Structure formats: C-alpha cells, structure tokens
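One structure below.
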Amino acid sequence: MKEVTMCCTTCPSGCALRVTIDEQNQVQKVEGNTCPRGEAFAYKEWVDPERMLTSTVYAVINGKETLIPVKTREAISKKLMKKAMEEIQEICVKQPVKMGDVIKTNLAGSGVDLVACKTLR
C-alpha cells in the first residue's frame, strides 16, 4: 500500500486529502476531506483526472486575423489534452461569433463542445 496526498479542488476549502492506494492501484481509503465531495474527487482524480481547457483560436475580422478566447464547456480527461490542442490549432472562425457559440463539437472525441468566450461583431 502507498499513500498519496492531493488538494481537493471541488470547493474553496481545499482540503488536504490523504489517499491510500492498494497493490492493484485502486483507491482504498480517503482521509482529510470535510465533505463527501472530497472522497468522490479523490477517486476521480486517481482514476481519470479531468480539467477545463482554455485556449485561443484564430478569427478572421475584415480580412485580418486575430485571436478569440475559447474554452471547453465542461472538464475533459487530461489524457485528451494534447489531441484537443492539436485540433484547436487547426481552427479558424469567421465573424460574427457570439460568446457561448459552439466552435467545435465533440472536441478530441471527449463529447464536450469548445465554445467562444468573447463576442466578435
């Protein structure tokens, strides 16, 4: 058995979790959480950690290129980050774009949409 420490990010408390991992690489015990969300976080973080992805894509405005901020609508698996960034590098949008518009569906096969974070008229 081994013990791993994590900082829970599900709420502002930021509990310091102590997670016990068995020989089969499975979570056996979670300590240090002050709410039930901490235990669920530890299991998910050990098995398949997820993060929000923020980036920029090119946009064409009056014949000139500029950048528009984008983000995933939900967190995606860290395993997909490289593929997602490769897909994002290939995107170029044309105006108008409204904040919240879907720029790409199913980014990197994650089932999560990439959305615009700024309006371009």
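A few comments on the model shown:
- Test: residue in the stretch 93-113 that is surrounded by fewer than 15 Cβ atoms within 10 Å (Cβ to Cβ), of a type in the set (A, V, I, L, M, F, W, C) and over 20 Å from Val4 (Cα atoms): yes
- Any hit, the stretch 26-43, residues being farther than 29 Å from Val4 by Cβ and either modelled with pLDDT of 95 or more or within 19 Å of the chain's Cα centre (by Cα) (or both): no
- Of all residues in the stretch 112-121, those satisfying the criterion of being more than 16 Å from Pro49 (Cα to Cα) and either at pLDDT 95 or above or not charged (D, E, K, R) (or both) are Asp113, Leu114, Val115, Ala116, Cys117, Thr119, Leu120.
- Positions within the stretch 54-85 being touching a residue at least 40 places away in the same chain (Cβ under 8 Å) and not polar (S, T, N, Q), in sequence order: Val57, Ala59, Ile61, Ile68, Pro69, Val70, Lys71, Arg73
The values are calculated or read from the model by the stated rules, or taken from the named source; none is laboratory data. Everything numeric here is computed off the predicted structure, so don't read it as measured data. All Cβ positions, glycine included, derive from the backbone under ideal geometry; neighbour counts span all protein chains shown.
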